[in-house]
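This report concerns only the one structure given below.
FYI, it's all coordinate maths here, none of it is from the lab. If you're wondering where the values come from, they're calculated on a predicted model, not measured in any experiment. Here Cβ is always computed from backbone atoms with ideal geometry, including for glycine, and neighbour counts include all displayed protein chains.
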Amino acid sequence: MAPGADGSRRQRVTPIVKDDTMTPLRIAVLGAGLIGRRHIQTILAMPEAAELVAVADPVVDPAGLDVGAAAWFADAQEMLDRVKPEAVIIATPNALHLQQGQWCCERGIHFLMEKPVTVTLDEAAALVQAVRQSGVKTLVGHHRRYLGVVQQAKQWLADGRLGRLVVASVVWATRKPDAYYQAAWRTQPGGGPLLINAIHEIDMLRHLCGDIHAVSGVKSHANRGFAVEDTAAAVFEFDNGCLGTLACTDAGLSPWTIEQGSGENPAFGYTGQSAYRLIGTEGSLELPVLRAWSPRVTGEAAWDKPIVGDPLLPKVQDPYQVQLSHFQRLVRLDEPPVVSVLDGARTLAATLAVAESSQTQARCVPRAF
Ligand SMILES: NC(=O)c1ccc[n+]([C@@H]2O[C@H](COP(=O)([O-])OP(=O)(O)OC[C@H]3O[C@@H](n4cnc5c(N)ncnc54)[C@H](O)[C@@H]3O)[C@@H](O)[C@H]2O)c1
């Protein structure tokens, strides 16, 4: 394994504990594009968790794509009616999320929706209502919540190891290759780093720091000159009094994205650098390089006292595999969802509030769900 920019090496992957006592989910995937294929590979690698019964995609040629024994359909609705999967992963373009989620609700099919949960907040409200009425179980694909380091950080916070959380600071900065923008939609509103990338960071901030009640934001397209933003900066006010900042760009080269720091995405070069800093009254925590900073002498928390940074041993697992295992337990054992459609709607509201605040030049209160 290649060393990171700081000379550190990625940790060994912790195997996921298999549970053979539950039957696998009969699962289908809608959309066999970039992320749909990752879900398909994950399902095929975890037969104890799920059996891939069908894939639906009107464009992709299934020849050359390994879908195991799954049936292939061009029409998603026809697939749902003929195959009757008990669960579905929706990995289609954002504009289809509401409709396809509603199809699942009408048929009593549990679903995992890729992020963003929908395009607009009105759509999100409609989907939340459909889910409530149908009683189906849902997840939204904010897969970072399943990273071992994030689970460890969450526990660290819950144990009060940082004291009271004061401020959180996140950078997501990378330079996307020019070829990325050959897909025209990526240059138009909705296709930029705010809804594609920063939404994950904002979900992570909500997960670690709590709900957000106000957002101030600025967007800019000064670097690439497309209609969509290439850079955004935001300040978040959390219900617990904590403040947070986010700097996000897809036009600047840096080692600071959670993907680069954790190695979760093989498309990003591994750097082993932290992109998150969580700061409390008694200490701090860096992520995804799990390092905890605290006073050398317990209780001596002040700038004139020595402070030490201790690396914690990160647990490394494939978050998509952990997510699928959780989806199985959610359906089979009624495990509470790590991130439901309702929770995904709240993350969408906080994300869109950055754009709204930038437009109105005023502090924005995210829509309540
Ligand atoms: N969790 C993550 O980190 C992550 C990463 C990438 C994408 N995503 C999300 O996943 C979704 C898909 O993104 P992508 O990058 O894979 O896009 P993509 O364009 O690569 O794939 C989308 C696929 O959906 C198919 N499709 C279109 N209409 C369909 C229909 N009616 N029924 C079934 N399939 C249909 C397309 O043919 C295409 O193959 C988006 O919502 C995106 O935001 C999430």
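Compute the projected area of the convex hull of the Cα atoms of the stretch 216-288, averaged over all viewing directions, and report it in nm² to one decimal place. Before the final figure, lay out the partial values.
Values: hull surface 25.1 nm².
Mean orientational projected area (the stretch 216-288, Cα hull): 6.3 nm².
Quick check: Cα centre of the stretch 301-349 to Cα centre of the stretch 272-295, how many Å?
Taking the Cα centre of each part, the stretch 301-349 and the stretch 272-295 sit 16 Å apart.
At 0.36 nm per residue, and after removing the present C-alpha to C-alpha distance, how many nm does the segment from residue 180 to residue 166 gain when stretched out fully? Display every interim value, and only then the final one.
Numbers: separation 14, 0.36 × 14 = 5.04 nm, distance 3.74 nm.
Contour length minus the Cα-Cα distance gives 1.3 nm.
Under unit Cβ charges (Lys, Arg +1; Asp, Glu -1), what dipole magnitude, rounded to 20 debye, does the stretch 211-369 have relative to its Cα centre? Show your work: numbers first, answer last.
Numbers: 12 positive and 18 negative charges, 15 e Å.
For the stretch 211-369, the charge dipole is close to 80 debye.
Highest mean first, how do 198-207, 41-50 rank when packing is the count of other Cβ atoms within 10 Å averaged over residues? Provide the component values of the computation, followed by the final result.
On the way: 198-207: 24.3, 41-50: 19.3.
Ranking, from highest mean packing down: 198-207, 41-50.
Tell me, what is a quarter of the convex hull surface for the C-alpha atoms of the chain, in nm² with one decimal?
19.3 nm²
Between residue 74 and residue 86, what is the label-point separation in nm under the 7 Å Cα-to-beta-carbon projection?
So the label points at residue 86 and residue 74 sit 3.2 nm apart.
Using a basic spin-label model with each label point 7 Å from the Cα along Cα→Cβ, how many nm lie between residue 254 and residue 235?
Label at residue 254, label at residue 235, 1.8 nm between them.
Which peptide among 27-33, 224-230 comes first, and what is the full order, when sorted by highest mean count of other Cβ atoms within 10 Å? Display every interim value, and only then the final one.
Numbers: 27-33: 25.0, 224-230: 18.4.
The densest-packed peptide leads the list: 27-33, 224-230.
Would you mind pulling out the separation of the Cα centroids of the stretch 208-243 and the stretch 128-186, in Å?
Measuring centre to centre over Cα atoms gives 14 Å.
With +1 on each Lys and Arg Cβ and -1 on each Asp and Glu Cβ, and nothing else charged, work out how big the dipole of the chain is about its Cα centre, in Debye to the nearest 20. Before the final figure, lay out each step's value.
Values: 34 positive and 38 negative charges, 109 e Å.
About 520 debye.
Can you tell me how the stretch 14-158 classifies by the Cα gyration tensor, rounded, prolate or oblate, using a/c under 1.5 as the rounded cut?
Numbers: a/c = 1.56, a/b = 1.11, b/c = 1.41.
In terms of gyration-tensor shape, oblate.
Using the charge dipole of the chain (Lys, Arg: +1 at Cβ; Asp, Glu: -1 at Cβ; taken about the Cα centre), state which of 225, 150, 128 has its Cα farthest towards the positive end.
Result: 150.
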